[in-house]
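Novice: Sharing a structure, written as structure tokens. Questions coming.
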Amino acid sequence: MTIAEAIADRSLSRVTVEIISWLERREYTIGLALFLTAWYLFQLFIVDMIGVEAAQKWFYFTPDLGTGWIAAPFSHNVQDIDHLLGNLTSLFLAGSLIEPHLKTRQYITVILISMAFSIIIPVIGLILLVDEEWLVAGASGGVYGLWVFASIYRFDVVQKWRVWISVDEWEDLRYWFECVIVLFGFTLPVVVPFVDLYSGGSANSISHISGMALGGVLGLKLKNG
């Protein structure tokens, strides 16, 4: 049901109509979250069939050529569901903030390029600097890149604080929710590497930083362009 149809159907409450409208304006964020979840379930199925080690070339970017060279940005650690849940939460927050304000092609381009870039950079580094077995996978870099992009592009939300006395958004929870997301996005380039430092995994740290760096560049370019 489209928003127009929902409005025409008087049996639906105003709250229901607003929820439908909110969801429609974030359809690609929701779609990507569902895809990542379905892909994770597929990973579990394959791992159950052939084992964790045999499935690595299917889903992870490894030194050996395999489908993981393409699937890595969408794959997650099957032994740690928190990896997936954390990315889904970040995707939902960042996507909810930015998707309604971009053209469909722009939004898809930003998220896909950020995801690809966040995998390619650590892979290049590992190939050049590390002479041992390594694995690279996950949507984290791309999602963090989207979040940094969204915070830069939507910084005008926070700028309303300068005239807070004359605006009536004090009772609008959605406005303050967006402010929190924007402000937290600016802390990611500091918080994420700090967390990575204590959790280990140089490839993950490089992936996160490269994704956020690209997101920042794209955000500044589109906002000022």
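Novice: Which residues, taken from region 88-115, are within 20 Å of ALA213 (Cβ to Cβ) and open to solvent by 70 Å² or more (accessible area, probe 1.4 Å)?
Specialist: LEU112, ILE113
To keep it simple, each residue is scored yes or no on (1) under 19 Å from the mean Cα position of the chain (by Cα); (2) free of Cβ contacts under 8 Å to residues at least 60 places away in the same chain.
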residue: ARG26; (1), (2): yes, no
residue: LEU32; (1), (2): yes, no
residue: ASP48; (1), (2): no, yes
residue: PHE74; (1), (2): yes, no
residue: SER90; (1), (2): yes, yes
residue: ILE98; (1), (2): yes, yes
residue: GLN106; (1), (2): yes, no
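Novice: Still on this structure, I have one more. Test GLU53 against the criterion of being surrounded by fewer than 19 Cβ atoms within 10 Å (Cβ to Cβ), of a type in the set (Asp, Glu) and in a helix (DSSP H, G or I), and give yes or no. Reasoning before the result, please.
Specialist: Details: surrounded by fewer than 19 Cβ atoms within 10 Å (Cβ to Cβ): yes; of a type in the set (Asp, Glu): yes; in a helix (DSSP H, G or I): no.
For GLU53, the condition - surrounded by fewer than 19 Cβ atoms within 10 Å (Cβ to Cβ), of a type in the set (Asp, Glu) and in a helix (DSSP H, G or I) - is not met.
Novice: Under 6 Å between Cβ atoms, at least 6 apart or on separate chains: pull out the pairs that start in region 121-148 with a residue that is crowded, with 24+ Cβ neighbours inside 10 Å and end on any residue that is part of a helix (DSSP H, G or I) and modelled with pLDDT under 70.
Specialist: If the second residue must be part of a helix (DSSP H, G or I) and modelled with pLDDT under 70, the pairs left are PRO122/ALA203; VAL136/ALA203.
Novice: From LEU65, LEU85, which residue is part of a helix (DSSP H, G or I) and open to solvent by 30 Å² or more (accessible area, probe 1.4 Å)?
Specialist: On the way: LEU65 fails: part of a helix (DSSP H, G or I).
LEU85 is the lone residue from the list that is part of a helix (DSSP H, G or I) and open to solvent by 30 Å² or more (accessible area, probe 1.4 Å).
Novice: Search region 21-37 for residues being surrounded by 16 or more Cβ atoms within 10 Å (Cβ to Cβ) and among the aliphatic types (A, V, I, L, M), and hand back the single one that is nearest to HIS83 (Cα to Cα).
Specialist: LEU36
Novice: When region 97-137 is examined, which residues are found to be among the polar types (S, T, N, Q) and at pLDDT 85 or above?
Specialist: Across region 97-137, the qualifying residues are THR104, GLN106, THR109, SER114.
The values are calculated or read from the model by the stated rules, or taken from the named source; none is laboratory data. Remember, predicted model here, so these are calculated numbers, not experimental data. Here Cβ is always computed from backbone atoms with ideal geometry, including for glycine, and neighbour counts include all displayed protein chains. When the accessible area is computed, the model is the full protein with side chains, heavy atoms only, and any ligands, DNA or RNA have been set aside. Shrake-Rupley method; radii C 1.70, N 1.55, O 1.52, S 1.80 Å.
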